[in-house]
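The values are calculated or read from the model by the stated rules, or taken from the named source; none is laboratory data. It should be emphasised that the depicted structure is a prediction, and the values quoted were computed from it without experimental measurement. Cβ sites come from the backbone with ideal geometry, for glycine too, and all protein chains shown count toward neighbours.
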There are 2 protein chains.
Amino acid sequence: MTDRYLIVSSDCHAGLPTEEYRPYLESRFHRAFDDFLAQRDARRAAMTRLGVRNEAFAAQWFQDNAEGLRGGWDSAQRDKELDGDGVAAEVVFPDADAVDSATAAPFGVGLGLSGDHDPELGMAGARAHNRWLVEFCALNPLRRCGVALLPITGETDQVVAEIRRAKETGLGALMIPAMWGGNPPYHDRRYDPVWAEAEALRMPVVTHSGTAPRHEYGDHLGIFVSEVTWWPARPLWFLLWSGVFERFPGLRFGVAESGCWWLPNLLWFMDRLYLGAHGGKKLSPFAELRQAPSAYLDRNVFICATNTKRRELAHRYEIGVDNILWGSDFPHPEGTWPSTREWLRNTFHDIPVSEARRMLGLAALDVFGFDAEALRPVAARIGPLPRELGQPEDQTAVERSWARARETGRHWLTGDDFPYLGKEEA
Amino acid sequence: MTDRYLIVSSDCHAGLPTEEYRPYLESRFHRAFDDFLAQRDARRAAMTRLGVRNEAFAAQWFQDNAEGLRGGWDSAQRDKELDGDGVAAEVVFPDADAVDSATAAPFGVGLGLSGDHDPELGMAGARAHNRWLVEFCALNPLRRCGVALLPITGETDQVVAEIRRAKETGLGALMIPAMWGGNPPYHDRRYDPVWAEAEALRMPVVTHSGTAPRHEYGDHLGIFVSEVTWWPARPLWFLLWSGVFERFPGLRFGVAESGCWWLPNLLWFMDRLYLGAHGGKKLSPFAELRQAPSAYLDRNVFICATNTKRRELAHRYEIGVDNILWGSDFPHPEGTWPSTREWLRNTFHDIPVSEARRMLGLAALDVFGFDAEALRPVAARIGPLPRELGQPEDQTAVERSWARARETGRHWLTGDDFPYLGKEEA
């Protein structure tokens, strides 16, 4: 109880103010880049019309956080902000500015990365961001795992080359488009060389929320928000059921900033199907798998669950404690910065310390290959103590309050018809 | 405890062997109908390749159930099968044969109803089925609520006319395509006359699982099954967030044969968003709604949850007991026929009788406008007794075992951070 938490944020964001990407972009794309910059106002107007951008909130947000927000691309400022939050290490996704999109990666290939991007421009924009990110992470490599942008629907040789370049230059993970657009879906064997290279180089592959079929939503914000977490999760069952995790047992695939609340039902549904539920008796066998979907999940999948909700924590024995990777989402307003310590206390005070340590850091260390030993001194300096998270010294009652939920676990595998979610009176 | 259950199946299927629809189809479509029939083998081969049709299972199924399966279109046989199952009344969807598709409605507008159908052929096929269904339901109108097929992406005047014709001829509900294909999504105001007419005539509008973007799945059955329940649910949040339930407060919308396990998370997610969760603070207000999404759900939405699973019943206080409408799915093999009584015992034995009565019949009576008084003698003749469902005479312990889950209910509205799902030791 005197060990400070080693906290890893599995979902943070960094990116240059868009116009500053120019030196990182090959000059033959500069004219297209000028066109992209010129359409910035139109893009912002569309976001405002949909309601994703609220004028009044935006004004207040930038006024209140001017200094800290520079941490989106300023390395020293960033260290200061992460220290303040008690976060020892982070996984760095693109697009620091989630309010005005002023730091969008060139051609919108950051959180807007989509299979429908022009292949040439898409790869050019991705490389520009990746080049900058290499420099940015190199300023504090111990604490930063950079996520390379990887538009995998383009030409496979180029995609594989970009994976190698990302690895060689020190990046640690690969973000692929959540949607393949008009290109072949991710069950297609054309992507096998991509999965093979990611597996061989131990580069986790991740989707991140952001893309969605906006043309279908009109200006109805609620529709967008209701399903913007489904699209990035969708590749998970495309990979799983087409046997990608069987062919590439070392591949790690993750879904970022889409919550983890949807996972228990998905696992229950898929496991039952595979294990011969009545509802599937008329179907052919699932010959591409050799074990239940949840077994692949535990081996191959992780969830960058970002700002975990209390409801999600109640589901953690169905999801798998080690599959939940917390994140602060710095510097996005929907995240926990700059009040992460308070958020952690409100969220984790009655969760066992042993499990909180895994969700708040240990699981992410493993997935993203951070150097745990080298990070310990950082954690010892800035990490919160369990008592600062409101966790009692004597954990007996806390552990007991979750005993039945833990024992029931994935009830469909433990012989229970009913789930058991929620805390008992201690 | 001596009252027999009045059981309503909110999801059954009936349809003619396809070729017998010819007399119900306007003659100018007969040539197109011949073409449709000629492609039957190709369609069956595609289903077999995807794995939705398993040769060995199909052979056994038809051998074992030859007599009962005639109840898919033979009225007297159907009554006998429903009596055997203890089902007093039913909601009649299309496509009796879910194994070989030998009773597919003309042009595949039954469970395959899609916004991408040719508008003229789609409406012609729908009308043919609707004409037959009128006759079929008229043979036992007390026990059958026929669901008219309604391809609403076609010409609005024709759609509205078909709603009126369906009502006048005795049908009781409207099935719309789960997917709009290349047509305007269901938030579009072009559909307002459709919702208005359905509201005015008290015709519930329903989607049913079946359609999905199969071209994206290759031959990977697991992908298909994993998301075939999402597509029919999708219109729910399109209608809700675009204010359809605000503009048409009397409209009832339902999702059939897609389970109800996904609803608690959706309600939690949408309610929190509307009520101002931190994650939505950067967004504009949801001006199209005047109350929380769950309030619309309780007023406007129902779920034909078909063969309810024990896990789903554990979620019933979050879903809303009266929003869950059980169904037998007769005569589909994934349903409970011909062993419905046994299924009910296995599923409901430790659920309070008072709640089981609502999910097994009372809620559906209300939604579909059955004549409850006239059905009582039928139920008194064929319905099971609570003790035949294994439900104890003294319900005190059963009620107590669910007390905490019931009190917690929708925890995000009752002040609880954590859900509480599952039965306490009695």
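Here are some notes:
- Among residues of the stretch B:227-239, those that are facing chain A (nearest Cβ under 7 Å) and more than 19 Å from B:ALA305 (Cα to Cα), counted: 1
- Among (1) over 13 Å from the mean Cα position of the chain (by Cα); (2) in a helix (DSSP H, G or I); (3) within 12 Å of chain A (Cβ to nearest Cβ); (4) surrounded by fewer than 24 Cβ atoms within 10 Å (Cβ to Cβ) - the single one B:ILE223 does not satisfy: (4)
- Looking only at residues in the stretch B:262-274 that are within 17 Å of B:GLY243 (Cα to Cα) and in contact (Cβ under 8 Å) with a residue 60 or more places away in the chain, the one that is surrounded by the most Cβ atoms within 10 Å (Cβ to Cβ) is B:LEU267.
- Of all the residues in the stretch B:33-53, those that are surrounded by 13 or more Cβ atoms within 10 Å (Cβ to Cβ), modelled with pLDDT under 95 and more than 14 Å from chain A (Cβ to nearest Cβ) number 2.
- Subset of the stretch A:145-194 that is in a loop (DSSP other than H, G, I, E, B) and β-branched (Val, Ile, Thr) - its residue that is farthest from A:GLU257 (Cα to Cα): A:THR169
- Among the residues of this structure, B:VAL205 does not count as one that is without any contact (Cβ under 8 Å) to a residue 24 or more places away in the chain, buried (at least 21 other Cβ atoms within 10 Å of the Cβ) and in contact with a Leu (Cβ under 7 Å, 6 or more places away or on another chain).
- B:ASP350 passes every criterion in (1) farther than 17 Å from A:ASP417 by Cβ; (2) more than 22 Å from the chain's Cα centre (by Cα); (3) in a loop (DSSP other than H, G, I, E, B) apart from (1).
- Selected residue (only one of A:ALA314, A:ALA364, A:ALA292, A:ALA356 is closer than 26 Å to A:PHE238 by Cβ and either at the interface with chain B (Cβ under 9 Å from one of its Cβ atoms) or buried (at least 22 other Cβ atoms within 10 Å of the Cβ) (or both)): A:ALA364
- Among the residues listed as A:ALA397, A:ALA374, the single one being without any contact (Cβ under 8 Å) to a residue 60 or more places away in the chain, loosely packed, with under 14 Cβ neighbours inside 10 Å, outside any loop (DSSP other than H, G, I, E, B) and among the aliphatic types (A, V, I, L, M): A:ALA397
- Of the residues in the stretch A:344-357, at least one is touching a Ser or Thr at 6+ places or on another chain (Cβ under 7 Å), in contact (Cβ under 8 Å) with a residue 24 or more places away in the chain and closer than 19 Å to A:ASP11 by Cβ.
- Residue check for A:PHE62: farther than 30 Å from A:ASP366 by Cα and touching a Leu at 6+ places or on another chain (Cβ under 8 Å): yes
- The stretch B:335-347, residues that are touching a helix residue (DSSP H, G or I) at 6+ places or on another chain (Cβ under 8 Å) and part of a helix (DSSP H, G or I): B:THR340, B:ARG341, B:LEU344, B:ARG345, B:THR347
- A:ARG70 under 30 Å from A:ARG376 (Cα atoms) and at pLDDT 95 or above: yes
- Being at pLDDT 95 or above, over 15 Å from the mean Cα position of the chain (by Cα), under 21 Å from A:ASP192 (Cβ atoms) and of a type outside the set (Asp, Glu) is true of A:TRP241.
- The stretch B:23-38, subset part of a helix (DSSP H, G or I) and in contact (Cβ under 8 Å) with a residue 12 or more places away in the chain, residue farthest from B:GLU120 (Cα to Cα): B:LEU37
- Residue among B:GLY170, B:GLY222 that alone is without any contact (Cβ under 8 Å) to a residue 24 or more places away in the chain, out of contact with any Asp or Glu (no Cβ under 7 Å at 6 or more places or on another chain) and over 28 Å from B:ARG290 (Cα atoms): B:GLY222
- The lone exception for B:SER242 - which of (1) in contact (Cβ under 8 Å) with a residue 40 or more places away in the chain; (2) closer than 30 Å to A:LYS281 by Cα; (3) within 8 Å of chain A (Cβ to nearest Cβ) it fails: (2)
- Which listed residue, of B:THR156, B:THR169, is under 18 Å from B:GLU26 (Cβ atoms) and surrounded by fewer than 17 Cβ atoms within 10 Å (Cβ to Cβ): B:THR169
- Residue list for the stretch B:208-219, restricted to those being within 7 Å of chain A (Cβ to nearest Cβ) and either on the phi > 0 side of the Ramachandran plot or touching a residue at least 12 places away in the same chain (Cβ under 8 Å) (or both): B:GLY218
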